[in-house]
Amino acid sequence: MSDYDDLAARIRALCHGETDEVALMATVACELHHSDDRFDWTGFYRVVGPDLLKIGPYQGGHGCLVIPFSRGVCGAAARTRQVQIVPDVEAFPGHIACSSSTRSEIVLPVLGQDGRLIGVLDIDSDRPDAFDARDAAALGAILEEVFGGT
Ligand code: SME
């Protein structure tokens, strides 16, 4: 289980002064992924066009390269700009299975300055029901601090 205070402090120190979004995503993905045994795939999809996400920096096995806003949990998070917590991926209509071992996931919208949607953070777990509101709050706070969204 993450010590989110510790993690947030480490990410704050590492990202201090950096504004490049890909550099920030790479650093956050790495720090998150290694902080918690529940996290089996940790990474970002970036908004690259109207209603279109493409793979960004990640840790874990390969992720699919392109996700339209109309598809999957990542698409739902991008479309609604709401955190998606999926306790059982098999019960989520349209879930995109990149790894057959994934059982549950959390996807958060990533907002940049001016409230612009710059992407989503996707964390997949091989454990069922791995994520709850505490994860959503702590991860959301980290994203807000790093990417400056309000
Ligand atoms: N869980 C995602 C896609 C997974 S990956 O490509 C790592 C979804 O259904 O949006």
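Quick rundown of the values:
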item	result
Separation of the ALA141 and ARG10 label points, Cα + 7 Å toward Cβ, nm	1.7
Segment 118-131 - phi-based ³J(HN,Hα) in whole Hz, Karplus 6.51/-1.76/1.60, Gly and Pro as x	9, x, 9, 9, 10, 10, 10, 10, 7, 9, x, 6, 7, 10
Neighbour-count order for VAL47, VAL120, fewest beta carbons within 10 angstrom listed first	VAL47, VAL120
Distance histogram in 10 Å bins (all Cα pairs of the chain, percent per bin)	12, 47, 35, 6, 0
Karplus (6.51, -1.76, 1.60) ³J(HN,Hα), θ = phi - 60°, over segment 17-27, in Hz, Gly and Pro reported as x	x, 8, 10, 5, 5, 5, 4, 5, 4, 4, 5
Order of SER99, SER125, SER35 under a 10 Å beta carbon neighbour criterion, fewest first	SER99, SER35, SER125
Label-point separation in nm, HIS62 to GLN113, each point 7 Å along Cα→Cβ	3.7
Residue order, fewest to most beta carbons within 10 Å, for ASP124, ASP36, ASP135, ASP51	ASP51, ASP36, ASP135, ASP124
Peptides 23-30, 86-93 ordered by average Cβ neighbours within 10 Å, highest first	23-30, 86-93
Theoretical gain in end-to-end length, VAL48 to ASP3 [0.36 nm per residue, Cα-Cα removed]	12.9 nm
Cut-off under 5 Å, modelled amide H: who pairs with ASP126 long-range	ASP40, ARG103
Long-range HN-HN contacts of PHE69 with modeled amide H, under 5 Å	LEU52, LEU53
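Rule-based calculations on the coordinates, nothing more; no lab input. Computed from a prediction, not measured in an experiment: that's the story for all the values here. Quick reminder, even Gly has a Cβ in these numbers, built from the backbone with ideal geometry, and neighbours come from all protein chains shown.
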